[in-house]
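The values are calculated or read from the model by the stated rules, or taken from the named source; none is laboratory data. Note that the structure is a prediction, hence the values are computed from the model and not measured. A quick note on method: Cβ atoms are made from the backbone with ideal geometry, for glycine too, and the neighbour counts reach across all protein chains shown. Side chains are part of the model used for accessible areas, which takes the heavy atoms of the whole protein and leaves out ligands, DNA and RNA. Shrake-Rupley method; radii C 1.70, N 1.55, O 1.52, S 1.80 Å.
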Amino acid sequence: MCGEAGGGHAGADTPDADTTDDFELAGVPDSFQRLWTPYRMAYIKAGQDQVTGEDDCPFCRGPQREDTESLIVHRGRTAFVVLNLFPYNSGHLLVCPYRHVPNYTDITEEETAEIAALTQQSMRVLRQVARPTGFNLGMNQGVSGGAGIAAHLHQHVVPRWGGDGNFFPIIAQTKAIPATLGDVRESLAAAWPAC
């Protein structure tokens, strides 16, 4: 096989020649199992050119509409919480400043504090409503950082459950979300004041 010490590649005489590319492989394999998901690149690239300014930014336009129409769960003073329109899991939330700024370093101390507080509150509400066993939190910064909408900062709050990372999205390009966005928004918004 190709993983021999010193590297190498699958030549025409190896049994893997028709399924292995010509890239040189590292001599010592690491412990990571990699799942290549090139179909995600279309989503990443499509988002970059969609937003050119505040007029076509969904995170700027959303707060101008009704909460149910925009999927807003909670409005704060400098930031708000909204459901992700393309969730990784049911209850995937985004915490966004109202101001149209691209980078974490662009927000004020007040915005930073409120985004942190709303992220914590989002986790408490999701724990009460959906009982996740873990979370992924993060901000994708810039085009090369994988931000779907790089022009407007947003913090992801993704609830996780044991076994939710299956092969369905990889082999069928499908993600099973067990509830409608409207129903999820309603249950999270209703639980928000109590947490």
May I ask you to list the residues in the stretch 77-97 that are among the aromatic types (F, W, Y) and either open to solvent by less than 50 Å² (accessible area, probe 1.4 Å) or touching a Ser or Thr at 6+ places or on another chain (Cβ under 6 Å) (or both)? F80
Mind listing just one residue for me: the one in the stretch 27-60 that is basic (K, R) and open to solvent by 100 Å² or more (accessible area, probe 1.4 Å) and, of those, modelled with the lowest pLDDT? R34
Residues in the stretch 107-129: is at least one modelled with pLDDT under 95, surrounded by fewer than 18 Cβ atoms within 10 Å (Cβ to Cβ) and charged (D, E, K, R)? no
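One line per residue, one yes/no per condition, for (1) more than 20 Å from the chain's Cα centre (by Cα); (2) within 11 Å of H154 (Cβ to Cβ); (3) among the hydrophobic types (A, V, I, L, M, F, W, C); (4) assigned to a strand (DSSP E or B):
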{"position": "H74", "(1), (2), (3), (4)": "no, no, no, yes"}
{"position": "V82", "(1), (2), (3), (4)": "no, yes, yes, yes"}
{"position": "Y88", "(1), (2), (3), (4)": "no, no, no, no"}
{"position": "L94", "(1), (2), (3), (4)": "no, yes, yes, yes"}
{"position": "T112", "(1), (2), (3), (4)": "no, no, no, no"}
{"position": "I115", "(1), (2), (3), (4)": "no, yes, yes, no"}
{"position": "Q121", "(1), (2), (3), (4)": "no, no, no, no"}
(1) at negative phi; (2) surrounded by fewer than 15 Cβ atoms within 10 Å (Cβ to Cβ): which one isn't true of G142, the others all being true? (1)
What do you reckon, is L153 open to solvent by less than 20 Å² (accessible area, probe 1.4 Å) and either part of a loop (DSSP other than H, G, I, E, B) or closer than 22 Å to T52 by Cα (or both)? yes
